[in-house]
1. Those residues that are of a type in the set (Val, Ile, Thr) and touching a helix residue (DSSP H, G or I) at 6+ places or on another chain (Cβ under 7 Å), I need them from the range 54-113; list them, please.
2. When Ile39 is evaluated against the numbered criteria (1) aliphatic (A, V, I, L, M); (2) closer than 19 Å to Leu119 by Cβ; (3) at pLDDT below 80, which criterion, by number, is the only one it fails?
3. Going by the structure shown, is Leu115 over 19 Å from Ala61 (Cβ atoms) and surrounded by 10 or more Cβ atoms within 10 Å (Cβ to Cβ)?
4. Given (1) modelled with pLDDT of 65 or more; (2) assigned to a loop (DSSP other than H, G, I, E, B), where does Arg125 come up short, assuming only one miss?
5. Just checking, how many residues over the range 87-106 are among the aliphatic types (A, V, I, L, M), in a helix (DSSP H, G or I) and without any contact (Cβ under 8 Å) to a residue 40 or more places away in the chain?
6. Being of a type outside the set (Val, Ile, Thr) and within 16 Å of Ala52 (Cα to Cα) is true for just one of Gly109, Gly68. Which residue is that?
Amino acid sequence: MSLEQRQALDAVLRQSRLGKATEVNELRRLFAGAQLRSIAAQTLRGLYFDTALSWGGPVPAMLRAVVGVDHVALGTDFPYLRRDLAVGNRQRILDTDALSAAEKDRVLGGTALTLIPRLEELPCR
C-alpha cells in the first residue's frame, strides 16, 4: 500500500469512527496485499458499512461514490450507542439532500434485509 493510499484509508477510518486500534490494524492488514488483488476501491466495494455515528461531513458522498448505497446500512451500535443518538442519526439520513428517497430506503432498511432476509419476518415490519 502506498503512503497516499494509507493516508486515504486512515482518513476514511477516522471519519467513519472506526478509530479503535485493533480495527484499524485489522483493516490495514486486509489492505496490505490489495495491489496484488485489486485497487483499494474494489476491495472496499466488497465490504458493508454501517452509519452508527458517521452520517455527516464527507462520509455520505464517499460511501455513495466508493461502495454505493447498496453496501451502506443504518447502524445503531446497540447496545453501546445511546438511543437518542441512533434516532438522531436516522433523522439526519432522512433529512439529507445527498440521497434520493429510494437510496434512503436502502440505507434505512433495504441493505439490512439483503444481508439478513429473516428480518422481513419480524412483527415490527
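1. Residues of the range 54-113 that are of a type in the set (Val, Ile, Thr), as a first pass: 59, 66-67, 69, 72, 76, 87, 93, 96, 107, 111.
Matches in the range 54-113: Val59, Val66, Val67, Val69, Val72, Thr76, Ile93, Thr96, Val107, Thr111.
2. Single failed check for Ile39: (2).
3. Details: over 19 Å from Ala61 (Cβ atoms): yes; surrounded by 10 or more Cβ atoms within 10 Å (Cβ to Cβ): yes.
So Leu115 passes the test.
4. Going through the list (1) modelled with pLDDT of 65 or more; (2) assigned to a loop (DSSP other than H, G, I, E, B), Arg125 breaks only (1).
5. Our first condition is that a residue be among the aliphatic types (A, V, I, L, M); within the range 87-106, this holds for 87, 93-94, 98-99, 101-102.
In the following step, the residues that additionally are in a helix (DSSP H, G or I) were identified as 87, 93-94, 101-102.
With the extra rule that they be without any contact (Cβ under 8 Å) to a residue 40 or more places away in the chain, the set shrinks to 87, 94, 101-102.
Adding up the residues that qualify gives 4.
6. Numbers: Gly68 fails: within 16 Å of Ala52 (Cα to Cα).
One residue alone meets the criteria, Gly109.
The values are calculated or read from the model by the stated rules, or taken from the named source; none is laboratory data. These numbers come from a predicted model, not from an experiment. Cβ: placed from backbone, ideal geometry, glycine included. Neighbour counts: every protein chain shown.
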